[in-house]
Each structure stands twice: as C-alpha cells, then as structure tokens.
Amino acid sequence: MSKHSAINRFGRSRNPAFSRNFDQGGFRTQSSSEMNAGSGFRTTSSVAESTDIMTLDGAVNKTGILLALCFTGAAVGWNIPALTFPAGILGFILALVTIFRSPSKAGTTAPFYALVQGVMLGGISLMYENLYDGIAIQAIGLTFGILASLLVCYKSGLIKPTENFRLMVGAGIGGIFILYMVSFVMSFFGSGISLLSPTNGSLMSIGLSLGIVCFASLSLVLDFDYIEEGAEKGLPKYMEWYGAFSLMVTLIWLYLEILRLLAKINSRR
C-alpha cells in the first residue's frame, strides 16, 4: 500500500485540476497487451523507459518553467495594465480546456496559461501597489515562503494528508467556493459580500481572509502528495506538465488571497 493515505482512502484532491484527472482510475500502470490494444497510457508494468513516464524531478523542473513564464507575464501586465481583464478571461478558458478537454496537451496549454495568468497578476498587483506601496513584493514573499515551508513540512512528515486533514481542507474549500459564488451572483444586482472586499478592514473581514489563505495553503500539501504519487505510479510523461499546471492553479489562488488579506490589514492604518 502506498504511503500516501490521501490517495488510498479517497483518491481525489480538492484542487479541481487534480480531482478531474488524477483520480484513482488514472493511477495505474498498464501491461504491454493493454498498451498495444490502444488503452492510452504508454507505461508498462516492467519495461517502460524512464523517458516515457512521469518523474518527480520532471514535474519540479516544469513547475519552475511555468513560474518563470508567470513572472515574465507579470512584467507585461505591470507595464500594460489594460491587458489584465482579457488575460484573466483567456487564462480561465485555458484552464478549463486543460482540465476538461486536453490534459494530455498540458505541455502546450500550461505554458500559455502561466504566461497569461502572469499578465493578469501583474495588472492586479499594480492596482494594489497603487493603493499600498510595497504590498506586491510582500505578497510574493509570503506566497513563496508558505510554499517552501509547507514543502519542508510535507517532506519531513510534519504534515500528513490523513483522512481528517483531507476532510477538513475539502469542507473548507467547498465553503469558500459557495461564498465566492454567492458574492458573484450578488454582484449582478449591484451588491456583494462586504467581508470579501479588500477595502474592508474589519477584524471579521481580516479573519475571513486569513482563513481562506490558510485553506489555500493547506491545499498545497494535497497537491504535493498527488504529484509525488503520480511519479511513483509511473503516469505518462505529459502528466509532469499537468501536475505543474495544477500546482500553479493553487499558487495563483494563494497569491491573490494574500494580496487581499494584506490590503485589508493596510486599510486599518
């Protein structure tokens, strides 16, 4: 039995990308006869070459590439903020296509996703920076600090994706999603949930944002677990790109929520 209890007990991550394509049915190797029958994966139970299967190092390297593209796009968005909204729409479309239509094409869609989402983040960061000087670099530092800290905790075994851990994170993210949807619908009627506003510096609003940041951070642990499990199970090589893409989805969400939290804290000054 794998050491990854989250996979063994539930088989799905709360990251929408992982829950769509990193399910239990996907975590298996295939025999030569299955491969020859056209079943899809190019891995075999014993004779697959390392160049044909997903590796942890490969996923890490591709995550680095996506991060570099994201920062490149952010520089563009910072200097051309008019691209923020169209880049956000295009990034959302690319994410949906990658998750629901073409996970095997993630090597093509994921870099474009990272680039255009970077443009969006650059424009949004500039907007916050105009309100509160230095907030963007603080958010970047906190995002990567959380990423590094949780990776160390995960690899050292201090944090384990147990049944209760997974249930807690799943319930929290589900509640946050409902909150986002309610606020989105209310926006069509000229209203919204004030606690989500980055200008609301009340203690309750700050507490809500802090909770959202915590759940976004903890979901990274499940992402780490699924990438490592995919490498151990010998998924197809393209899943390195897909795993990197899925991790980027969580990191972008985390960065935006940290920006919102910092803006609320600064509004109290």
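The values are calculated or read from the model by the stated rules, or taken from the named source; none is laboratory data. Computed from a predicted model, the values in this text were never measured in an experiment. Counting neighbours? That spans all protein chains shown, and the Cβs are built from the backbone with ideal geometry, glycine included.
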Of those in the range 78-95 that are within 29 Å of Met239 (Cβ to Cβ) and not aliphatic (A, V, I, L, M), the residue surrounded by the fewest Cβ atoms within 10 Å (Cβ to Cβ) is Phe92
Phe22 meets each of (1) surrounded by fewer than 18 Cβ atoms within 10 Å (Cβ to Cβ); (2) modelled with pLDDT of 50 or more; (3) closer than 14 Å to Pro236 by Cα with one exception, condition (1)
Condition check for Met239: crowded, with 19+ Cβ neighbours inside 10 Å and farther than 22 Å from Val152 by Cα: yes
If you check Lys233, Lys160, Lys264, which single one turns out to be over 17 Å from the mean Cα position of the chain (by Cα), at pLDDT 90 or above and not small (Gly, Ala, Ser)? Lys264
Of a type in the set (Val, Ile, Thr), closer than 26 Å to Ile137 by Cα and in contact (Cβ under 8 Å) with a residue 24 or more places away in the chain: which single residue out of Ile265, Ile227 fits that description? Ile265
